[in-house]
Amino acid sequence: MTLFFQNIVGGMQSASMYGLAALGLVLIYKTTGVINFAQGELGMFHAFVAAALFASGVPAGLAVLMTLIIAGGVGFLIEWGIMRHAVKIDPLGKMIMTMGLVMVAQGLAPMFFGNNPLYFPKLLQGDPISLFGISILPNTILIICITLAIMAVLFYVLQKTRWGLAIRVTAENVNTARMMGIPTQRVSLVIWIIGTVLGALAAIMVAPLTTVNVSMMADIHLKSFISAVLGGFATFYGPVVGAFIIGMFNNLLGFYVSSKWATAILYVFILMVLILKPTGLFGKKYVKKV
């Protein structure tokens, strides 16, 4: 039983990264109708920023804070400088534009930071802590706590504040929101900033577990997208639940079945779920009246 819960905790660490990235994806999609295919690559670029700041002598915590501010600025520039001027382009065209951002991020990262992988440390060092027989690294606890805190704050804002109401109304129908006097452009701007910051934070969490390189977010981005599909793009909380399902089941399958085939088995299971419920676990079925 101890090994079971050990794998659950390990899965929660992975799920935290998937969940942050998935939440950023869904926030942007629900509010603007655009799937940001560059979420992972933008996160990778910001991980390079954090690693470069750390290499230059900036403390790791301050490097993270500075990077998140820079990520917010990048999100601002993407919405204000690109997406806002693409209002006449259909959603598919906007998604292709985000694919262009993938190439931009992949090109700029080695141009600014070189071709060699960079190192970024764990934010919380120390020996593993034993809780009820489960060994947990301090950095793992920090990652899970930060993720849960961010998600709790975001869900509170979405459900209990005027800004959250504005976001939810814009997500339901942007034209209706505009007629109600909601500043939809400002909402879109804020959402792009939040989404880009969440992607950067997910990448920074990944960085100590690997090296900072141009392909570091490929698996995270794929699984965050699958988390959003599994949970349902129609809700803000569904992708987070989907991320925790994927993270924990992937670990359990890897330990009890096969580490080689765990991901493939998980994807087959997800495919079966989506065949039965195409809109995702928490998705809504829309009926179009004519």
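Here are the numbers:
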quantity	calculated
Lysine pair count for the chain [Cα-Cα under 20 Å; pairs on different chains or 8 or more apart]	12
Computed FRET value (nearest 0.05) for Asp127 with Tyr256, which takes r as the C-beta separation and R₀ as 25 Å	0.35
Estimated vicinal HN-Hα couplings, Hz - region 127-138 in sequence order (Karplus 6.51, -1.76, 1.60; Gly, Pro = x)	6, x, 9, 9, 10, 6, x, 9, 8, 10, 6, x
Phi to ³J(HN,Hα) by Karplus 6.51 cos²θ - 1.76 cosθ + 1.60 over region 87-94, Hz, x for Gly, Pro	5, 8, 8, 5, x, 5, x, 5
Reciprocal mean inverse distance between Cα atoms of the chain - Kirkwood radius, Å	19.7
Computed Rg/Rh of region 1-146, alpha carbon atoms with Kirkwood Rh	1.05
Cβ-based exposure ranking for Arg168, Arg162, in which fewest neighbours within 10 Å come first	Arg162, Arg168
Nearest-20 debye value, the chain charge dipole, Cβ charges on Lys, Arg, Asp, Glu	1040
The chain, relative contact order in percent, only Cα pairs under 8 angstrom and at least six apart counted	36
Cα shape, region 107-179, gyration tensor, a/c 1.5 rule	oblate
Dipole axis of the chain (+1 Lys, Arg; -1 Asp, Glu on Cβ), positive-most option in Pro128, Thr32, Pro110	Thr32
Label zone at Ala218, where the point sits 7 Å out along the Cα-to-Cβ direction: region 192-209 residues whose backbone N lies under 18 Å	203, 206-207, 209
Whole-angstrom Cα spans of region 121-276 along principal axes, big to small	55, 41, 36
Sum of side-chain charges, Ala38 neighbourhood, beta-carbon under 14 Å (Lys, Arg +1; Asp, Glu -1)	-1
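Any read-out appearing in this document is the output of simple, stated calculations on the displayed coordinates, not a laboratory observation. These figures come from a predicted structure and were not determined experimentally. Backbone-built Cβ (ideal geometry, glycine too); neighbour counts: all protein chains shown.
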